[in-house]
1. Inspect region 329-337 for any residue being in a loop (DSSP other than H, G, I, E, B), under 20 Å from the mean Cα position of the chain (by Cα) and not assigned by TED's automatic domain parsing to the domain that holds residue 236 and give the result as yes or no.
2. For region 213-300, which strands (runs of 3 or more DSSP E) that fit wholly inside it have 1 or more residues that are surrounded by 15 or more Cβ atoms within 10 Å (Cβ to Cβ) and more than 24 Å from the chain's Cα centre (by Cα)?
3. For region 276-296, which positions are closer than 22 Å to residue 260 by Cα and not hydrophobic (A, V, I, L, M, F, W, C)?
4. If I ask for residues that are among the hydroxyl-bearing types (Ser, Thr, Tyr) and within 23 Å of residue 457 (Cβ to Cβ), which ones from region 188-244 would you list?
5. If I filter region 1-42 down to residues being hydroxyl-bearing (Ser, Thr, Tyr) and over 41 Å from the mean Cα position of the chain (by Cα), which single residue comes out as farthest from residue 79 (Cα to Cα)?
6. Residues of region 67-87 being closer than 26 Å to residue 19 by Cα and not β-branched (Val, Ile, Thr), which ones?
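The values are calculated or read from the model by the stated rules, or taken from the named source; none is laboratory data. What you are looking at is a predicted structure, and each value in this text was computed from that prediction instead of being measured. Don't worry about glycine lacking a Cβ; one is built from the backbone with ideal geometry, like all the others, and counts go over all protein chains shown.
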Amino acid sequence: IPVDYASHGPQVEAIRDELLTALAEIAPRQATVPFFSTVTAEPVDTGGLDAAYWYTNLRETVRFEDTTRALLAAGHGLFVEVSAHPVLTTAIEDSIQAAAEDADIEAAAVGTLRKDENGPLRFLTSLAEAHAHGARVDWTAHAAPAAAGATGPAVPLPTYAFQRRRYWLDAPAGTASAAGLGLSNAEHPLLGALVALADADGVLFTGQISLRAQPWLAGHAVRGDVLLPGTALLELAVQAGDQVGCGTVEELTLEAPLVLPERGDVQLQLVVDEPGADGRRALRLYARPDATAPWTRHAEGIVAPGAEAPAPGLPAAWPPADAEPLPVDGLYEQLAARGFAYDGAFRGLRGAWHRAARPDGEPAELYAEVALPETARADAEHYGLHPALLDAALHPLALVDGSEADGGRLPFSWSGVSLHAVGAAALRVRLRLLGTGQVAVTVADAAGELVADIHGLALRPPAGAPADAAGPALRPVVWRPLTAPLTATGPAPDV
């Protein structure tokens, strides 16, 4: 391109007025996709991409590597260069390699077309490369014309033995749909269907969960048992409330741990009562391991219309300047030694900071960054807030003083929970330490936009924890047989 000035240097200033005039009619709008600028090396509001921005873009240094590193830090792991020939892919790969020397990062860069290879075959090859690196690809859009004459649905091919997965295909569960059974589809991975009760304005949700259908749950084991995390119970309550027009989980108390068996399904029933005069509804969650077992109530709570007033947003400067970094390396190994075996999607803590209590009475706070691993990110869009991600948001609590002595705690009761955005795969977190076992939680996405706030969360040691974890133990009742007959005149034996 013939030009008579050097871009990204002082010579651009000679055409400043000409450039601002030529671009004056640009009317930028806000984008739905996060936009990282190579001028600022951070996310920017695309509503501000006016003529002045594009002049600055041409005048200032191109901060390409800084922007690539910012994307990596925000949890993005796949870069696709959309161009007629790869030009920036090598530079991105160099930035990934440099960043990987400082942190545990897995990322890749792919192109689309190439010089002299601009046909469908080249594009599909690039698409396959992206798929191999974890991109979600809708292959049916490509295969639909070829499969037009097919008589049945496509099925996945068997996996290889060394992939340590079942080789044989699972038989279809059945052909009956929820609608065919008189139910409505709950459209959630943990809830299968819902039915409005005929004699009251209540709703019954049903579902089945298992380690086969939701293998990511196996990453949450406490003292040898795989437990449905409390964050999953909260997700169920949030979804049920949303279905009945109640945007706030006013309270939710966990009554009994829900242990997931190694094989087989666990049946769920979530009962939402009819509303009271104020619109609030009680709910209860039951489960049983099979059709012959009795139902166990695992949680009860209340959902309410509207949403709680949002907590103050996270600080604009991230992390806050007065927050001290906390070491997170080795945390999950330490937790495993104390009986909390987190793995897979639950190993989401990326960084943590601590700010001490302030003289004005503000409590101590923890700040953290958490993200789902690349293999679990595709699931995030199916949940309001992925339970593994919210669970990881609570892991910094294990870093504060005293957590090792008390053996660790799990969510027990939630209050004032409101969800403001869905589908997040990475979070910024603030934990306000309100007292022993009490915390308030605010979570935002990687751009700082509010996702959810929890006004109160009480944590307790899990069942079976050492006695000192829950306070002084009651003395046990021990029955000892009498060694001599009790008489009216003699003293009573020492029991």
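1. no
2. 266-272, 281-288
3. 284, 286, 288, 289, 290, 292, 294, 296
4. 231
5. 21
6. Listed by number, the list holds a single entry, 83.
Every residue, every condition in (1) in contact with a Cys (Cβ under 9 Å, 6 or more places away or on another chain); (2) surrounded by 13 or more Cβ atoms within 10 Å (Cβ to Cβ); (3) of a type in the set (A, V, I, L, M), yes or no:
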| position | (1), (2), (3) |
| --- | --- |
| 51 | no, yes, yes |
| 54 | no, yes, no |
| 57 | no, yes, no |
| 96 | no, yes, yes |
| 99 | no, yes, yes |
| 105 | no, yes, yes |
| 114 | no, yes, no |
| 121 | no, no, yes |
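Yes or no, residue by residue, for (1) of a type in the set (Gly, Ala, Ser); (2) without any contact (Cβ under 8 Å) to a residue 40 or more places away in the chain; (3) in contact with a Pro (Cβ under 6 Å, 6 or more places away or on another chain):
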residue	(1), (2), (3)
6	yes, yes, no
29	no, yes, no
49	no, yes, yes
54	no, yes, no
96	no, yes, no
